[in-house]
There are 2 protein chains.
Amino acid sequence: MKRKALSNVHSDNLYEQIYDYIIERIGRGVWGAHDKLPSIRTLATEFNVHRLTVFKAYQLLKQNKKVYVKDKSGYYVMPENMLLIDSQQNPIISAHVQESSLSEIHQVRADYQFSIALLDPNLLPNHYFSEYIKKVFNLYPKVLGTYSSIQGDPELREALSRYFTDQSHFYLTPDELLITSGSQQAIDLIARGLIKPRDTVFLERPTYSPAIDVFRRQGANIIPIEIHPHGYQLEQVEGLMREHKPRLFYLNPTFHNPTGYTVPAEQRKTLVEMANKYQCLLIEDDPYPDIYFEKKPPLPFFSYDTAGCVIYIRSFSKYIAPGLSIAAVACRPSIMKYLLNTKSLSDSGTPLLNQKIFLHYFFSERLQKHVEKLRIALEIRRNIMEEELSATGWKWATPMGGFNLWMKLPESTPMDRLLEKSIEKSISFVPGSIFDSLKEHQSWIRMSYSYLNETQLRDGLQRFVHIYHSLTSTQI
Amino acid sequence: MKRKALSNVHSDNLYEQIYDYIIERIGRGVWGAHDKLPSIRTLATEFNVHRLTVFKAYQLLKQNKKVYVKDKSGYYVMPENMLLIDSQQNPIISAHVQESSLSEIHQVRADYQFSIALLDPNLLPNHYFSEYIKKVFNLYPKVLGTYSSIQGDPELREALSRYFTDQSHFYLTPDELLITSGSQQAIDLIARGLIKPRDTVFLERPTYSPAIDVFRRQGANIIPIEIHPHGYQLEQVEGLMREHKPRLFYLNPTFHNPTGYTVPAEQRKTLVEMANKYQCLLIEDDPYPDIYFEKKPPLPFFSYDTAGCVIYIRSFSKYIAPGLSIAAVACRPSIMKYLLNTKSLSDSGTPLLNQKIFLHYFFSERLQKHVEKLRIALEIRRNIMEEELSATGWKWATPMGGFNLWMKLPESTPMDRLLEKSIEKSISFVPGSIFDSLKEHQSWIRMSYSYLNETQLRDGLQRFVHIYHSLTSTQI
């Protein structure tokens, strides 16, 4: 309510100057973590501006997690944004430090890792890999002596541009593709190349949590867009676009992580038109369109885009070969130049060896057949998970592809204790709040059915349900 | 002179606020490329500050290449820093775009590429590589199905920590090593993890040009430190450290690129003490300490460091395997946490396959013997280059290792035409100005003797000298 009222107050961006002033002082350590900041009244007097202007600056600081409010007594510096001073050894080092709780959970060693949204390595055709490697060394004997180009191997880009055109009607030239070292690098390059501090970025809620970290680090204002089993509330999205003029909307519309939801075709078309109208880039992250059950997902947003407002990230790590770290980014030349520039600063090009192995492996007949088997194996695992959890009364929408089940447990679930107890019993899962830029979704969890085999799935889920009941029954 | 006088004017950082104000407006496109900026008088009135304060802001903007001065008529927006608006397709895209002239020159196809400071791929033991790959797949059959950890393969870090301790007296634990995808990524992670806008960074002059781009993009104030055949002028460096309090000094002290100079041991010791005194981090980039002629170079700076102020980057791309893109960063835990955090945003860890191949290849007896042969081959190539150029009268210091000859041609050399004519005749070299943050060094060039074989070297250099004479004789 308050934010809306304020957005009508035109103040010649004075509030942004106050925002910068405060950020700069926090950055230099003038105000440290948990320090109380000057009151609205004080700053308004100091800057000779209306109090609403200062209030607006504080609202933006709060939204961007730079400050927090305590007991209505005022604004305080949020610790993660302070200039960290390590007085022991290097008093001059400073940096933002985000906690990536997802990677923390991934470090937990557990027998039943429902937290890992990766393919079970036993589902990959490991014994065939060495054949492709041999082939690569025969074809390109000097591959290890050769740097890659920044944009990526021309032969691979040529093959992928044909593939995307055949499969998804992209109509791409090889120059409209950039090869990156996985999708994490792709997201990072996009954020660094296209976002400056205070730009507004839409992220789905929930979303892939490392994306939250990347855009937050870039200084973006993050606005969450709810994703539902059948997509977005488009009218609401349009209202928010009109109001906030986002620079980009990062989305993961196909077998969404963590929810498994898929945005239907009609919404894709409409959203591309809307993005074009409001000049908002759509960053479409598409890690496993091939892992569908029953029927193929709709065409990517990129296929509907004629104006060049979609950047498409296709990762191949999830189901082809995590150890190769290969992803491709498709975008139009006006955007490509920014990404190439950022890529050239980030590394000297994705290693050529990895690109050549990927090229010969991915386009082999054997792999394309293997993907069919993968779909069946994963559908069976999804079914097992649903079966084992069917008596719990927890709520979820059946995922029609991908690796994850996103479930709502009863509100009363003591989530911290559930995680703690589970880890004690060598079971891991991801609490929903990690995927939420607002750190809510407290009673949701993500469990992946992709990493464990069928026996482990049954065992682990039975144990997990048992832990849940032991915790909730003692509570009552 | 003027800067010095100003640095005594204490103005409560008002000038920084004016600096930010101008940067923000340029960033938003209020002022576009080549637009004239408000006069000092106007801004002083507007902000109600002393004109010297505005002058100081403009000096900093000029130093950071955000504005330029034209005919003493005022300050103008430097084009590379403007918010680039592509009105055709995506009016909302913005980013800094730096031109990396080095990568442009590398794109030139030429028969005689003296511009490329890489090892001739024929000097690598290409026919043995596939053996190591086979070994890796036998030892780790699921290597392509496995993500790496963010910090890097523990087995590789263990082996490298022992290696550095044996070879260079580092006394490292595996936790003090980070594996990166080449040294370019290492420099980028350091800049992103440790530098914020307006931090002062010392760079050698000349220096490795992508480092200039990385630190400039991070918004650093760059101060050049001259490097001479026998190191730095340490008194001058100390004066500059005292005055500017740099956050870090990026250096390449062993067979320096582009000059080939090596900083002597006594200077290393003194500079480490100085850095500790002034709390300046030293970033030591060490791409080929093994490529020495006659005698080993001095120990790295890192070996002299007891206070944790040195970050050591050891790249293995240059002479081991460019196609693997493996580098290691050694630093103390207080710094490691920042680099790990930034690495986790940049990618999901350097690919495990590359790390495992590197591990088994680098630590093989065969490779260690091969490096001996490399040294001899490169020394012969250096000798050929010196011989072929001996009659020119150009000046250089004989490089005692590395890949490059850094030469001063007569001041009167028409450098642009020399480059143009050379490229016409299929010869490439790098003009010295590319390595200079001040874009001077107009009569210097870098020629690499590492990429061409002996016959190509002789042929190409004879042609190059001929082009030079044809240009300069017609000029007189």
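Summary table below
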{"item": "The range B:410-443, residues that are surrounded by 14 or more Cβ atoms within 10 Å (Cβ to Cβ), among the aliphatic types (A, V, I, L, M) and within 23 Å of the chain's Cα centre (by Cα)", "result": "B:M415, B:L419, B:V430, B:I434"}
{"item": "Verdict on B:R375 being under 19 Å from B:S168 (Cβ atoms) and in contact with a Gly (Cβ under 6 Å, 6 or more places away or on another chain)", "result": "no"}
{"item": "Exclusive hit being out of contact with any Asp or Glu (no Cβ under 7 Å at 6 or more places or on another chain) and not β-branched (V, I, T), set B:F302, B:F316", "result": "B:F316"}
{"item": "Residues of the range B:12-44 that turn out to be among the small types (G, A, S), in contact (Cβ under 8 Å) with a residue 40 or more places away in the chain and either surrounded by 17 or more Cβ atoms within 10 Å (Cβ to Cβ) or over 24 Å from A:I22 (Cα atoms) (or both), as a count", "result": "3"}
{"item": "Top-ranked residue of the range A:206-253 - restricted to ones that are more than 24 Å from A:Q442 (Cβ to Cβ) and free of Cβ contacts under 8 Å to residues at least 12 places away in the same chain, ranked as surrounded by the fewest Cβ atoms within 10 Å (Cβ to Cβ)", "result": "A:E235"}
{"item": "Condition check for B:F202: crowded, with 23+ Cβ neighbours inside 10 Å and farther than 29 Å from A:N354 by Cα", "result": "yes"}
{"item": "Selected residue (criterion: nearest to the other protein chains (Cβ to nearest Cβ)) from residues of the range A:363-392 that are touching a helix residue (DSSP H, G or I) at 6+ places or on another chain (Cβ under 7 Å) and charged (D, E, K, R)", "result": "A:R366"}
{"item": "Residue in the range A:369-384 that is within 30 Å of A:L194 (Cα to Cα), surrounded by 16 or more Cβ atoms within 10 Å (Cβ to Cβ) and in contact with a Leu (Cβ under 8 Å, 6 or more places away or on another chain) present", "result": "no"}
{"item": "Lone qualifier among A:T207, A:T173 - being of a type in the set (S, T, N, Q) and under 25 Å from A:L340 (Cβ atoms)", "result": "A:T173"}
{"item": "Residues that are closer than 14 Å to B:L324 by Cα and not β-branched (V, I, T), drawn from the range A:344-366", "result": "A:D347, A:S348, A:G349, A:P351, A:L352, A:L353, A:N354, A:Q355, A:K356"}
{"item": "Long-range neighbours under 7 Å by Cβ, at least six apart or interchain, first residue in a loop (DSSP other than H, G, I, E, B) within the range A:45-74, second β-branched (V, I, T)", "result": "A:K66/A:I23; A:K66/A:I26"}
{"item": "Cross-chain or 6+ apart pairs with Cβ under 6 Å, the range A:266-279 first and facing chain B (nearest Cβ under 10 Å) and in contact (Cβ under 8 Å) with a residue 24 or more places away in the chain, then part of a helix (DSSP H, G or I) and surrounded by 16 or more Cβ atoms within 10 Å (Cβ to Cβ)", "result": "A:Y278/A:M241"}
{"item": "Residue check, B:F255 closer than 30 Å to A:R216 by Cα and not in a helix (DSSP H, G or I)", "result": "no"}
{"item": "All positions within the range A:154-191 that are over 27 Å from A:Y208 (Cβ atoms) and within 14 Å of chain B (Cβ to nearest Cβ)", "result": "A:P154, A:D175"}
{"item": "Complete set of residues in the range B:133-152 that are more than 7 Å from chain A (Cβ to nearest Cβ), buried (at least 22 other Cβ atoms within 10 Å of the Cβ) and either of a type in the set (F, W, Y) or not in a loop (DSSP other than H, G, I, E, B) (or both)", "result": "B:V136"}
{"item": "Residue identified as within 21 Å of A:T180 (Cα to Cα) and away from chain B (no Cβ under 14 Å) among A:P224, A:P253, A:P206", "result": "A:P253"}
{"item": "Residues satisfying the stated conditions in the range A:101-132, i.e. over 30 Å from A:D436 (Cα atoms), surrounded by 20 or more Cβ atoms within 10 Å (Cβ to Cβ) and at the interface with chain B (Cβ under 9 Å from one of its Cβ atoms)", "result": "A:L124, A:F129"}
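Per-residue answers, yes or no, for (1) assigned to a loop (DSSP other than H, G, I, E, B); (2) at pLDDT 85 or above; (3) among the small types (G, A, S):
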residue	(1), (2), (3)
A:L6	no, no, no
A:V9	yes, no, no
A:D12	yes, no, no
A:Q17	no, no, no
A:T42	no, yes, no
A:L84	yes, no, no
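Residue by residue, here is whether (1) at pLDDT 95 or above; (2) more than 19 Å from B:A117 (Cβ to Cβ) holds:
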| residue | (1), (2) |
| --- | --- |
| B:A397 | yes, no |
| B:S412 | no, yes |
| B:S433 | no, no |
| B:W444 | yes, no |
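The values are calculated or read from the model by the stated rules, or taken from the named source; none is laboratory data. Everything numeric here is computed off the predicted structure, so don't read it as measured data. Here Cβ is always computed from backbone atoms with ideal geometry, including for glycine, and neighbour counts include all displayed protein chains.
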